[in-house]
Amino acid sequence: MGRLRSAIEAAAAEGADAAKVGEARERLGVLEGELEMSRALVVVPTVRLPIEEAPKDYWGDEDKGKFWDDYPEWPLEPPLPEDAPEDAKPEYKWIPSESLAALRSAVNRLDAALESVADAKVNEEVKAQAEEVQKKAAGDLKLLENKDEEDREKEFVAVEKAAKKARKKMKKSKKK
């Protein structure tokens, strides 16, 4: 594509027929749009969606978000950055599930691809397929975002409980 774009620009610089150069640019745009739609369709992941009364082993590790815990004081609140204001309170950082992140990225890419070809004369079959997949993926994304928020709330309760135990343990060790 880069070579084709360069050739079109070189033709324009050499004073080629403006109508032909314009047509070539338009066709290149269509080609790039169709290619991006096809690529975006390929990267839409298959994800587990919430179901009624899911079995205990239904969700894999890639389907569960978690709090950032890569610091020595865990499960206590994470340290504040040095440039944080004095009245700032530390907050746990939530990391969404891999499934949610992948689906969110794919939906954004598909949205961008469809937006880039909104007015172009692209292959209607490919565009219709992309719109159909985008609609389904956007619905799935909402379901996963709701699940992620529920997971975050449940996990926050567990982390707060663990932090409370850690504080008690620290107080006991200081008394000794």
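The values are calculated or read from the model by the stated rules, or taken from the named source; none is laboratory data. Owing to the predicted nature of the structure, the values given are computational and were not obtained by experimental measurement. Here the Cβ positions follow ideal geometry from the backbone for every residue, glycine too, while neighbour counts run over all protein chains shown.
Pairs linking a residue in the stretch 61-75 that is free of Cβ contacts under 8 Å to residues at least 60 places away in the same chain to a residue that is of a type in the set (Val, Ile, Thr), with Cβ atoms under 6 Å and 6 or more positions apart or on different chains, are Trp68/Ile95. Assessment of the stretch 14-35 against the conditions (of a type in the set (A, V, I, L, M, F, W, C) and within 24 Å of Ala138 (Cβ to Cβ)) yields at least one matching residue. The number of residues in the stretch 1-45 being in contact (Cβ under 8 Å) with a residue 12 or more places away in the chain and hydroxyl-bearing (Ser, Thr, Tyr) comes to 1.
Output yes when any residue across the stretch 17-38 is in contact with a helix residue (DSSP H, G or I) (Cβ under 7 Å, 6 or more places away or on another chain), over 20 Å from Lys121 (Cβ atoms) and surrounded by 14 or more Cβ atoms within 10 Å (Cβ to Cβ), and no when none is. The answer is no, given that none of the residues of the stretch 17-38 is in contact with a helix residue (DSSP H, G or I) (Cβ under 7 Å, 6 or more places away or on another chain), over 20 Å from Lys121 (Cβ atoms) and surrounded by 14 or more Cβ atoms within 10 Å (Cβ to Cβ). When each of Asp119, Asp148 is tested for being surrounded by 12 or more Cβ atoms within 10 Å (Cβ to Cβ), of a type in the set (D, E, K, R) and out of contact with any His (no Cβ under 8 Å at 6 or more places or on another chain), the lone residue that passes is Asp148. In summary, Ala158 fulfils each of the numbered conditions (1) part of a helix (DSSP H, G or I); (2) touching an Asp or Glu at 6+ places or on another chain (Cβ under 8 Å); (3) of a type in the set (A, V, I, L, M) with the single exception of condition (2).
Might you check whether a residue that is of a type in the set (Val, Ile, Thr), outside any helix (DSSP H, G or I) and in contact (Cβ under 8 Å) with a residue 60 or more places away in the chain occurs anywhere in the stretch 76-97?
Scanning the stretch 76-97 turns up no residue that is of a type in the set (Val, Ile, Thr), outside any helix (DSSP H, G or I) and in contact (Cβ under 8 Å) with a residue 60 or more places away in the chain.
Filtering the stretch 67-98 to residues that are out of contact with any Pro (no Cβ under 9 Å at 6 or more places or on another chain) and within 16 Å of Ala158 (Cα to Cα) leaves Trp74, Pro75, Trp94, Ile95.
Run down Val126, Val107, Val122 and say which single residue is touching a Gly at 6+ places or on another chain (Cβ under 8 Å) and farther than 21 Å from Asp69 by Cβ.
Val122
Out of the residues in the stretch 122-132 that are buried (at least 18 other Cβ atoms within 10 Å of the Cβ) and touching a helix residue (DSSP H, G or I) at 6+ places or on another chain (Cβ under 6 Å), state the one that is modelled with the lowest pLDDT.
Among residues in the stretch 122-132 that are buried (at least 18 other Cβ atoms within 10 Å of the Cβ) and touching a helix residue (DSSP H, G or I) at 6+ places or on another chain (Cβ under 6 Å), the one modelled with the lowest pLDDT is Val122.
Restricting Ser105, Ser173 to those that are among the hydroxyl-bearing types (Ser, Thr, Tyr), surrounded by fewer than 16 Cβ atoms within 10 Å (Cβ to Cβ) and over 22 Å from the mean Cα position of the chain (by Cα) reduces the list to Ser173.
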